[in-house]
1. Express the relative contact order of chain A as a whole percentage, based on alpha carbon pairs under 8 Å and six or more residues apart in sequence.
2. Roughly how big is chain B's charge dipole about its Cα centre, with Cβ charges of +1 (Lys, Arg) and -1 (Asp, Glu), in debye to the nearest 20?
3. Between the DSSP loop rule and a limit of at most 13 other Cβ atoms within 10 Å, which GluC sites (Glu not before Pro) in region A:42-105 are left?
4. Starting from region A:80-133, pick out the trypsin sites (Lys or Arg not before Pro) whose DSSP state is loop and whose Cβ has at most 12 other Cβ atoms within 10 Å.
5. Run the helix sum for the protein assembly as shown: -39,500 (n - 2.57) per DSSP H stretch of 4+ residues, divided by residue count, reported at 222 nm to the nearest 500 deg cm²/dmol.
6. Residues of region B:1-30 with backbone nitrogen within less than 13 Å of a virtual label 7 Å along the Cα-to-Cβ line of B:VAL88, please, listed as ranges.
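Readers should treat all values here as calculations from the given coordinates under stated rules, not as data from a laboratory. The model shown is predicted, which means the values in this text are computed figures rather than measured ones. Methodologically, a virtual Cβ is constructed for each residue, glycine included, from the backbone with ideal geometry; neighbour enumeration extends over all protein chains shown.
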2 protein chains.
Amino acid sequence: MSGFQLDPRLAGEGIPVASLELCDALLRNDARTLWVVLVPRVAGREELHELSAEQQAQLMSEIARVSQAVHDIAQPTKVNTGALGNIVRQLHVHVVARHEGDFAWPGPVWGVGEREEMDETARTDLVAALRQRL
Amino acid sequence: MSGFQLDPRLAGEGIPVASLELCDALLRNDARTLWVVLVPRVAGREELHELSAEQQAQLMSEIARVSQAVHDIAQPTKVNTGALGNIVRQLHVHVVARHEGDFAWPGPVWGVGEREEMDETARTDLVAALRQRL
């Protein structure tokens, strides 16, 4: 995993929450919904099929763990998961709480509206709730 | 896996391509890009974290296999993968070829524009190319 460096665009919009076996988990600093980004600490990967079979399985395990945590904390209508990377190419996976009627419902969240910074209380509470569950 | 029935909305927009160990793979009948949908044959699941650990690992393996096939066939700028389910709740995963400048670039494809039916030659060729690789 040498040579891995978190993309500054992901780092700049996220708060480090946990270092899992494969991935860094970041809470996206967005007051609109609970939104976690997982970034495998593997240099030079852009696509899921570029990971080894073991890394793929571990990534899915971590996605599912985050999905369960997001579900438990935010009680969403649906969890949305996506690996796009059209703008930031470093492989990363979004796990997002969606509520019926939210800012992008029922469409996807990516590219819709502007990120809104959380206030400090919300941020502290969410980081604690995620750390407890991850 | 008893009780599983493919959601008619997914079936109506897709062409069955392969029955993998866990998932049905459907080629979405959309001329705009190469777009595959994977549907785990497990009844009553809406979220990734509701699958067993074994099913999660198998699903990721099948996602990666489809991603590699989409990459090889369409030579895209990026493969996009997503499990949303805000409209069709049956758990399903999209694997989509994205080319710089395509109909939704660099945003997500979901909910953008209208599906366009493929002509028969394109459909036959893509089904054959996918079957060869899956």
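1. 27
2. The calculated dipole for chain B is roughly 160 debye.
3. Here the sparse-neighbourhood loop sites are A:GLU100.
4. A:ARG115
5. -10000 deg cm²/dmol
6. The answer is B:5-17, B:24-30, whose backbone nitrogens lie closer than 13 Å to the label point.
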